[in-house]
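Asker: A single structure is presented below for examination.
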Amino acid sequence: MTVVKAMFRDYDVMQFVKIILLKAASGERNKSLILSFLLFLVPLAAPAIAQSERSLSFYNTHTGERLSVIYRRHGNYIPESLEKINTILRDHRSGDIHPIDPKLMDYLYDLQTQVGNYGDVHIISGYRCPGTNRKLRRNSKEVAKGSMHLQGKALDFRLPGTDTARLRDAARKMKRGGVGYYKKSDFIQIDTGRVRNW
């Protein structure tokens, strides 16, 4: 059983199933045996199939926009999907769009997996242009001069249905980058910079 599961981690599951189905269609004699084998494999293959696609859903709290998108398939990022993510995570004040670090999306997806909540990610802040960052710094000491938001490597968000403190704790345990906790405003920040907490 363990060997079979390991096989699915390293093999394109859908390609494997396609081969089996073609063999089943080519001859009546082995069809029953092959179909029985497939039924045995389905529960084992399900996790691998699920991991072959990664999707995210967003709600922009400032613009009201929504986006549900498959951004990665079979380990490859989908450029068109990343462009849509860049757009919904744009600087809503200036309208500037900047490439968002795909690793940040993986971090977010894995965090949602950790807490078991794949619902809409409520965006507080994604990319920030230099002008916006300067304005925010004048009003708050919590805004860093060299913020990771300027590089498209940080995301401020909340995840309805999951307590923000629990989200913070799960992100910190992952040690994938920075994790900020803003209790009063009820959101966290994750970024793909060095591991640090605040």
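The values are calculated or read from the model by the stated rules, or taken from the named source; none is laboratory data. This one's a predicted model, so the numbers in the text were calculated from it and none came from an experiment. For neighbour counting, all protein chains shown are included, and Cβ atoms are generated from backbone atoms with ideal geometry for every residue, glycine included.
Asker: Which one of these is modelled with pLDDT of 95 or more, in the same structural domain as ILE124 (by TED's automatic domain parsing) and over 30 Å from PRO130 (Cβ atoms): ILE78, ILE70, ILE88, ILE97?
Answerer: Numbers: ILE78 fails: over 30 Å from PRO130 (Cβ atoms); ILE88 fails: over 30 Å from PRO130 (Cβ atoms); ILE97 fails: over 30 Å from PRO130 (Cβ atoms).
Of the residues listed, the single one that is modelled with pLDDT of 95 or more, in the same structural domain as ILE124 (by TED's automatic domain parsing) and over 30 Å from PRO130 (Cβ atoms) is ILE70.
Asker: Can you find a residue in segment 24-31 that is crowded, with 16+ Cβ neighbours inside 10 Å and either over 30 Å from GLN151 (Cβ atoms) or at pLDDT 60 or above (or both)? Spell out how you get there, then give the answer.
Answerer: Narrowing segment 24-31 to residues crowded, with 16+ Cβ neighbours inside 10 Å: 24.
Still in the running and either over 30 Å from GLN151 (Cβ atoms) or at pLDDT 60 or above (or both): 24.
Yes - at least one qualifying residue is present in segment 24-31.
Asker: Quick one: ILE123 ticks every box in (1) in a helix (DSSP H, G or I); (2) within 17 Å of the chain's Cα centre (by Cα); (3) hydrophobic (A, V, I, L, M, F, W, C) except a single one, so which number is it?
Answerer: (1)
Asker: OK, next. Could you please give the count of residues in segment 142-171 that are under 16 Å from ASN86 (Cβ atoms), free of Cβ contacts under 8 Å to residues at least 24 places away in the same chain and not in a helix (DSSP H, G or I)?
Answerer: Residues that pass the stated criteria total 0.
Asker: Cβ-Cβ below 7 Å, separation at least six or inter-chain, first residue in segment 187-198 and part of a strand (DSSP E or B), second modelled with pLDDT under 95 and surrounded by 11 or more Cβ atoms within 10 Å (Cβ to Cβ): which pairs?
Answerer: Listed pairs, sorted by first residue: none to list.
Asker: Given the structure, is ARG128 farther than 17 Å from PHE58 by Cα and touching a His at 6+ places or on another chain (Cβ under 7 Å)? Explain how you work it out, then say what you get.
Answerer: Numbers: farther than 17 Å from PHE58 by Cα: yes; touching a His at 6+ places or on another chain (Cβ under 7 Å): yes.
When the stated conditions are applied, ARG128 passes them.
Asker: Within segment 121-130, does at least one residue satisfy the condition of being crowded, with 19+ Cβ neighbours inside 10 Å, without any contact (Cβ under 8 Å) to a residue 24 or more places away in the chain and not aromatic (Phe, Trp, Tyr)?
Answerer: The answer is no, given that none of the residues of segment 121-130 is crowded, with 19+ Cβ neighbours inside 10 Å, without any contact (Cβ under 8 Å) to a residue 24 or more places away in the chain and not aromatic (Phe, Trp, Tyr).
Asker: Report, by residue number, each residue of segment 55-74 that is in a loop (DSSP other than H, G, I, E, B), closer than 17 Å to PRO160 by Cα and of a type in the set (Ser, Thr, Tyr).
Answerer: Within segment 55-74, THR61 is the sole residue that qualifies.
Asker: Within segment 82-105, track down each residue that is in a helix (DSSP H, G or I), in contact (Cβ under 8 Å) with a residue 40 or more places away in the chain and crowded, with 17+ Cβ neighbours inside 10 Å.
Answerer: LEU104, MET105
Asker: Okay, moving on. Conditions: (1) part of a loop (DSSP other than H, G, I, E, B); (2) buried (at least 21 other Cβ atoms within 10 Å of the Cβ). ASN117 meets all but one. Number of the miss?
Answerer: Against the list (1) part of a loop (DSSP other than H, G, I, E, B); (2) buried (at least 21 other Cβ atoms within 10 Å of the Cβ), ASN117 comes up short only on (2).
Asker: So, ASP120, is that one more than 19 Å from ILE70 (Cα to Cα) and charged (D, E, K, R) or not?
Answerer: The answer is no for ASP120.
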